[in-house]
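In what follows, a single structure is set out as structure tokens and then discussed.
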Amino acid sequence: MKNLWDRFEAWLAENWPEGLGCLNPPASDEEIASLERALGVKLPEDYVACLKIHNGQRTNSGGGLFDGCEFLSSDQVQDQWSVWKELLDDDDFDGAESEPAPGIRNDWWNACWIPFTHNGGGDHFCIDLAPAATGQAGQVISMWHDAAERTLLAPDFGTWFKTYVDAVCAGDYVYAEEYDALVNREDAGLS
């Protein structure tokens, strides 16, 4: 995880120093334990290792570091999760049907989907700790609030992060001022 962050930070320093400047310091063991207690889960080791390097980015610091999305701190993960959990507990998703990729449960939202990014509009990349029978606990999925698709992005957080850092360093992502974020070159109109 450290090597991946070193590569990502070097790229940010050269291509988008403001993005580098919005990263938080490491999460403490107590912050991680507090998050796990609040969510009622044990977080995957690769994700914990990531948080122990940078506990997300500063709230409202501008700039989405992860494919146009803000990297959530442990406090923000809990806040975002709590919003979805309240909606679930209030039966707001009764009758809502999703279109999950194989390995993902057919839920609109699940309390074991742990958001680690958000785009400010209710959309997240999540760590899925309750996959369908053909899935893998810890897989990374996308969950958009107003779209039924639930897409499998990677078998685990470490693989997702490595794939993303590799793509950023290969030039597949650029800083787009109009979004104040790292976005796919195609999304920025630079294919």
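The values are calculated or read from the model by the stated rules, or taken from the named source; none is laboratory data. Just so it is clear, the model here is predicted, and its values are computed rather than measured. Neighbour counts are summed over all protein chains in view; Cβ atoms, including those assigned to glycine, are modelled from backbone coordinates with ideal geometry.
Quick one: which strands (runs of 3 or more DSSP E) lie wholly within the stretch 81-191 and hold at least 1 residues that are among the hydroxyl-bearing types (Ser, Thr, Tyr)?
Details: elements: 113-115, 124-128, 139-143, 149-154, 173-176, 181-184.
The qualifying strands (runs of 3 or more DSSP E) are 139-143, 149-154, 173-176.
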Asp89: farther than 26 Å from Val183 by Cα and either buried (at least 21 other Cβ atoms within 10 Å of the Cβ) or not small (Gly, Ala, Ser) (or both), yes or no?
yes
Tell me which residues, restricted to the stretch 117-153, are within 16 Å of Cys50 (Cα to Cα) and over 11 Å from the mean Cα position of the chain (by Cα).
Gly138, Gln139
Flagged in the stretch 59-72 as assigned to a loop (DSSP other than H, G, I, E, B), surrounded by fewer than 23 Cβ atoms within 10 Å (Cβ to Cβ) and at pLDDT 90 or above, in numbering order, are Asp67, Gly68
For Asp123, which of the numbered conditions (1) surrounded by 14 or more Cβ atoms within 10 Å (Cβ to Cβ); (2) closer than 21 Å to Leu35 by Cβ; (3) at pLDDT 95 or above fails to hold?
(3)
Return yes when Ala96 is exposed (fewer than 14 other Cβ atoms within 10 Å of the Cβ), under 27 Å from Tyr173 (Cα atoms), of a type in the set (A, V, I, L, M, F, W, C) and free of Cβ contacts under 8 Å to residues at least 60 places away in the same chain and no when it is not.
no
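Given Gly103, Gly19, which one is surrounded by 16 or more Cβ atoms within 10 Å (Cβ to Cβ), among the small types (Gly, Ala, Ser) and under 17 Å from Asp156 (Cβ atoms)? Give the derivation first.
Details: Gly19 fails: under 17 Å from Asp156 (Cβ atoms).
The conditions single out Gly103.
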Exactly one of Asp146, Asp128, Asp156 is surrounded by 17 or more Cβ atoms within 10 Å (Cβ to Cβ), under 18 Å from Lys85 (Cα atoms) and acidic (Asp, Glu), and that residue is Asp128
Name the pairs: first residue in the stretch 167-191 and on the phi > 0 side of the Ramachandran plot, second residue modelled with pLDDT under 90, Cβ to Cβ under 7 Å, at least 6 apart or on different chains?
Asp180/Gly62; Asp180/Gly63
Within the stretch 102-115, is there a residue that is closer than 30 Å to Phe8 by Cα and over 17 Å from the mean Cα position of the chain (by Cα)?
yes
Pair list, Cβ < 9 Å and 6+ apart or interchain, from the stretch 27-43 residues that are closer than 19 Å to Cys126 by Cβ to residues that are part of a helix (DSSP H, G or I) and small (Gly, Ala, Ser):
Ala27/Ser74; Ile32/Ser74; Leu35/Ser74; Ala38/Ser82
